[in-house]
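Here is the structure we will look at, set down as structure tokens.
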Amino acid sequence: MLVDRAARKFSAVAEEQSLTPAVVALRGHVFDLLDSEIERVRAHGDDTEQTERALRHLASVLLHTPMVRSRELARAGEQAAFTGGLDALFGIQVESGAGSAVVSAAPRDPFPGSAHRAS
């Protein structure tokens, strides 16, 4: 029974780790956007530490649920649901092969067809 429990735990951890490249890609994508937004607000005269702290906190809060879901989906053997969602929502493609993963993020207009543009 102890060996079975350890084997299940090892398997669950391995399943979670299989999504590591996707999780890293999502976090990198969000934090790249965050850094751009911080630079944008600084350029518009808001150079307060409080604003940057609030934006960083918001990014972390927004990432919490996807991080939890990645672990849940991985343990259920549904990694493709998570990676498919990243591609559909953010254009982040994670392809695994030969023991490694290839990550590409195609730049996409987050508001296609709209007049919204970051300024």
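The values are calculated or read from the model by the stated rules, or taken from the named source; none is laboratory data. Every value quoted in this text rests on a predicted model; they were computed, and no experiment measured them. Reconstructed Cβ throughout: ideal geometry from the backbone, glycine too, with neighbour counts over all protein chains shown. The area values use the complete protein model at the heavy-atom level, side chains included, leaving out ligands, DNA and RNA. Shrake-Rupley method; radii C 1.70, N 1.55, O 1.52, S 1.80 Å.
For the range 36-60, the tally of residues that are open to solvent by 70 Å² or more (accessible area, probe 1.4 Å) and not hydroxyl-bearing (Ser, Thr, Tyr) stands at 12. Of the set (1) within 26 Å of ALA88 (Cβ to Cβ); (2) in contact with an Asp or Glu (Cβ under 9 Å, 6 or more places away or on another chain), all apply to LEU26 but (2).
Among the listed residues PHE111, PHE90, identify the single one that is aromatic (Phe, Trp, Tyr) and either surrounded by 14 or more Cβ atoms within 10 Å (Cβ to Cβ) or at pLDDT 90 or above (or both).
None of the other options fit; the residue is PHE90.
Inspect all residues belonging to the range 6-21 and state whether any of them is within 16 Å of HIS57 (Cα to Cα), over 17 Å from the mean Cα position of the chain (by Cα), in a helix (DSSP H, G or I) and of a type in the set (A, V, I, L, M, F, W, C).
Checked against the condition, which is being within 16 Å of HIS57 (Cα to Cα), over 17 Å from the mean Cα position of the chain (by Cα), in a helix (DSSP H, G or I) and of a type in the set (A, V, I, L, M, F, W, C), the range 6-21 yields no hits at all.
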